[in-house]
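Here the structure is laid out as structure tokens; the discussion comes afterwards.
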Amino acid sequence: MMLERGLDFVSMPKIELHAHLTGSISRQCLHEIWEVKKAAGKTDLEDPLLVMPPGRHDYDLKTFFPLFSSYIYNLVNDAGSLEHSTKSVIRDFARDGVVYLELRTTPRAMPLAGLDKAGYVGAVLRAIEDAQEEAPMLHTRLILSIDRRNTLDEAGEVVALAKLFRDRGVVAVDLCGDPTKGDVSLFTPVLEEAKAAGLKTTIHFAEAEASASEAELSTIMSWMPDRLGHVIHVPETVKRQIAELSGIGLELCLSCNVHAKMIVGSFEAHHFGEWWRVDGPIVVPCTDDVGVFGSPLSNEWRLIQKHFNLQREEILGLARKGIDVIFAGDDERERLRGVMW
């Protein structure tokens, strides 16, 4: 029996491990924030529904990052809008049948709002705690991201914040940002510090040709990360190295990669088809930035079924495999084994 006849992808309990907080904010939520600020005379920005028209999802690496730096960060710029948008994101994932979520965000100071980076992280965690009461079936953890443009000191701040807030649900450190910027070898000491402190690590890996040099990939692999994100422009020698790593997580984001033209071809050409049968790594389909690319996690699984012809038990088995690479503890893994089909 084909999967579409036997399984509702929305009601299927799912794990999301590569969701950027700001990129996951719906356009409607941004519009609500804008309306309040516009009425109070606190913004001169255009309506988000004009800046990001409904139905437009073709943002590439040249247009994607300026969308945040020049617009969204200037709209979500205080504790109120940050908490409102975080809760909205979690509600959206809960409605889509997600039962475990790892959100990631780069700590940002909001000086005009009186928030330093620790205040930013605290506000996000408050929103997560409130959302947990609203949607008890969805458990959310937080990953703090180092931006490739950061200095070593700024990256060290991120690790220090991750250690400070780990008792409130921060579980890992991420390295992300514009793949054309920065030299990742700069961050070796802070990634080593994070691992020594018992924090997990997940790294944006070969996301673009600009971030797929032999030197960069070798540096990242030397960190022994727990998970890798995207894994697109990977040379065969490195593919073989990854394939031999039992239990490493691969966060693969189909719609993002296709809409942003990060791969050549459409969904059927996505490297999910290459990796999902490999024995060592554990593939976890993810959304990346659902607010930008418009594909909720249920749709990512639907696309997988459609383009790679996975059967019901293959889908359910792959979804459950993701439990092994979450960054929460054994109690959470046991809960997920009980709720996932």
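All of the numbers you see were taken from the coordinates with simple rules; none came from a lab. Please read these numbers as outputs of a predicted model, since none were measured by experiment. Please note: Cβ atoms are built from the backbone with ideal geometry, for glycine as well, and neighbour counts cover all protein chains shown.
Using Cα springs under 10 Å in a Gaussian network model of the chain, which residue among 80, 229, 114 shows the largest mean-square fluctuation?
114
7 Å from Cα along Cα→Cβ at both residue 154 and residue 332: what's the point-to-point distance in nm?
The modelled label-to-label distance comes out at 2.7 nm.
If R₀ is 51 angstrom, what is the calculated FRET efficiency for the pair residue 167 and residue 268, using the beta carbon separation as r and rounding to 0.05?
0.70
Return the FRET efficiency for the residue pair residue 197, residue 244: r is the Cβ-Cβ distance, R0 is 35 Å, and the value is rounded to the nearest 0.05.
Result of the calculation: an efficiency of 0.85.
Quick one: Karplus J couplings for the range 304-316, per residue in order, coefficients 6.51, -1.76, 1.60, θ = phi - 60°, nearest Hz, x for Gly and Pro?
4, 4, 5, 8, 10, 6, 6, 8, 3, 5, 5, 4, 5
Taking R0 as 25 Å, what FRET efficiency do you get between residue 236 and residue 186 from their Cβ-Cβ distance, rounded to the nearest 0.05?
0.35
Using a 10 Å cut-off around each Cβ, can you sort 293, 308 from fewest to most neighbouring Cβ atoms? Could the numbers behind the result be given before it?
Values: 293 25, 308 17.
In increasing order of surrounding Cβ atoms, one gets 308, 293.
Extension gain residue 133-residue 69, at 0.36 nm per residue separation less the Cα-Cα distance, in nm?
19.9 nm
Considering only DSSP beta bridges whose two residues both sit in the chain, what percent are antiparallel, to the nearest 5? The partial results should precede the final answer.
On the way: 1 of 34 bridges.
Of those bridges, close to 5 percent are antiparallel.
For every helix of n ≥ 4 consecutive DSSP H residues, a contribution of -39,500 (n - 2.57) applies; sum these over the chain, divide by its total residues, and give [θ] at 222 nm rounded to the nearest 500 deg cm²/dmol.
-12500 deg cm²/dmol
Counting just the Cα atoms, what span does the range 185-277 cover along each of its three principal axes? Round to the nearest Å and put the largest first.
40, 27, 23
Which ordering of 289, 116, 331 is given by a fewest-first count of other beta-carbon atoms within 10 Å? Walk me through the numbers before you get to the answer.
Details: 289 26, 116 14, 331 8.
Exposure proxy ranking, most exposed first: 331, 116, 289.
Placing one identical point scatterer on every Cα of the range 1-107 and ignoring solvent, what is log10 I(q)/I(0) from the Debye formula at q = 0.14 Å⁻¹?
-0.64
Straight-line reach from residue 181: which aspartates and glutamates fall under 13 Å, measuring Cα to Cα and dropping same-chain residues less than 8 apart?
Of all the aspartates and glutamates, those that pass the test against residue 181 - Cα under 13 Å, at least 8 places apart if same chain - are 147, 207, 209, 216.
Which of the pairs 14/239; 38/163; 14/195 have their Cα atoms more than 29 Å apart in this structure?
From the list (14/239; 38/163; 14/195), the Cα-Cα distance tops 29 Å for 38/163.
What order do you get for 341, 276, 301 when you list them from fewest to most C-beta neighbours inside 10 Å? All intermediate terms of the calculation are to be shown ahead of the outcome.
Values: 341 11, 276 19, 301 23.
Least crowded to most crowded, the residues run 341, 276, 301.
Quick one: compute the contact order of the range 3-339, relative version, from alpha carbon pairs under 8 angstrom and 6+ residues apart, as a percent.
Taking the mean separation of contacting Cα pairs over the length of the range 3-339, I get 20 percent.
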